[in-house]
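Scroll down for the structure; my scribbles are underneath it.
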Amino acid sequence: MNYPELLPRFAAGTATDAERTAFNQWLETLPPAELQQVLAYYERCLSAQETFDTHDQPMLDRLLLSIREQESGGTGRLHVLQPLAWVKYAAAIVLLAGAAVFFWVRTNKVPLPGDGAANTSPATPADVAPGKDGAILTLADGRVIVLDSLGNGTIAREGNMQVVLQNGQLTYNAHEQLLSGSPELYNTMQTPRGRQFQLVLPDGTRVWLNAVSSIRYPVAFTGSKREVTITGEAYLEVAPDADKEFVVHTSGISSLVQARGLNVNAYEDEAATRITLVEGKAYVGVQDESRSRSVAASLLPGQQASFVAGKAEPVISPVNLEQVVAWKNGVFNFEHSDLPAAMRQIARWYDVEVVYAGDIPHVEFGGKIQRSLSLSQIIKNLGDNELKFTIKGRQLIVHP
């Protein structure tokens, strides 16, 4: 088959249905070495594309599910799934105009770039590998780019900004002057389960996103304030700007930040939303359900504001900063953590479902452990004579 002529049409979305069918059937006949050569050429074709189709949420949900299933291993053959409009090569996924196939490459068929390279302890087939760098970027017009293994370079243009991926970090660089009256454009970065990522906002603010988190932000801060919205967990080093306040919105809470370090923990499955000041100044506020008044508090470095649903006043308390930001530094810090709290962190990072085989034991952990270990090594360190764990597929079963 003359794939050098056909693949550019696939990348551009102009291939016919008959060509797609014939190509899919031909792919399944290739030996691994030839298959890798073909898909490598296809990735180069994709990289040459400048525009891609928009997405809808159900398709995005299927994409995330497919990523998770890929990580769990498989038979080693190439699967062609239809009618998904996603094309995937080596965990670098972009949307194609008019495409109607989804190439799912198993890691033992064509090695995925980056898989296990940064892990100090790769998982065995019956084990679960730790999370890694990766995220989904949604552009202002709805286009979606999965950043897991894309190479360095400009991946999109938004207004007057070039969106650049460099060594696992996303940045925004102005390539021309912003015209007066230009519409305000927003991007959203999401990390699914088992992923984390770093981002530099257009003003120079650095952001670390933990697993199952998101941040929505303008591609240019043109107003009197710099405002972002966060879900899940993020750490921010806010760039100073005396003329523009930096405001973080999360779970109905607004934080006015003049901080070198601020940690936001706003997971829906946690009992409270926690805003922790590491360095600098922060002023946090929330409006109660009746909207009749607002509650606010100022934070000093080393303090945490905990907002519990249904309670009017936040609880301000000193905290162990090393423990709060341990995730950012590649560590689980389970000091004084009970079993459910530790399992929630593990579930997000290893993309597993925690199942309790009986009553939840009253256990308190202590100490730290690297997040780069496989799941079996984590539970080996956590288990004792009263607490046992079993890994079954994507389930982590806790036995009292």
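Bear in mind that the values in this text are calculations on the coordinates, not laboratory data. All values reported here derive from a predicted model rather than from experimental measurement. For neighbour counting, all protein chains shown are included, and Cβ atoms are generated from backbone atoms with ideal geometry for every residue, glycine included.
Just to verify a number: FRET efficiency for A18 and I369, C-beta to C-beta distance, R0 = 51 Å, to 0.05? That pair, A18 with I369, gives E of 0.40.
Remark on the stretch 132-324: ratio of C-alpha radius of gyration to 2.2 N^0.38 Å is 1.04.
Evaluate E = 1/(1 + (r/R0)^6) for N320 and R344, where r is the Cβ-Cβ distance and R0 equals 25 Å; express this FRET efficiency to the nearest 0.05. Once rounded, the FRET efficiency stands at 0.85. Loop-located chymotrypsin sites (Phe, Trp or Tyr not before Pro) in the stretch 313-365 (DSSP state not H, G, I, E or B) with no more than 10 neighbouring Cβ atoms inside 10 Å do not occur. With 26 Å as the limit, the listed pairs K132/K244; K281/K311; K132/K281; K132/K380; K328/K380; K244/K281 have K132/K244; K132/K281 beyond it between alpha carbons. If you take all other residues with their beta carbon under 14 Å from the beta carbon of H249, and give Lys and Arg +1 and Asp and Glu -1, the sum is +1. The C-alpha atoms of the stretch 330-399 occupy a region whose extents along the principal axes are 30, 26, 19 Å, arranged from largest to smallest.
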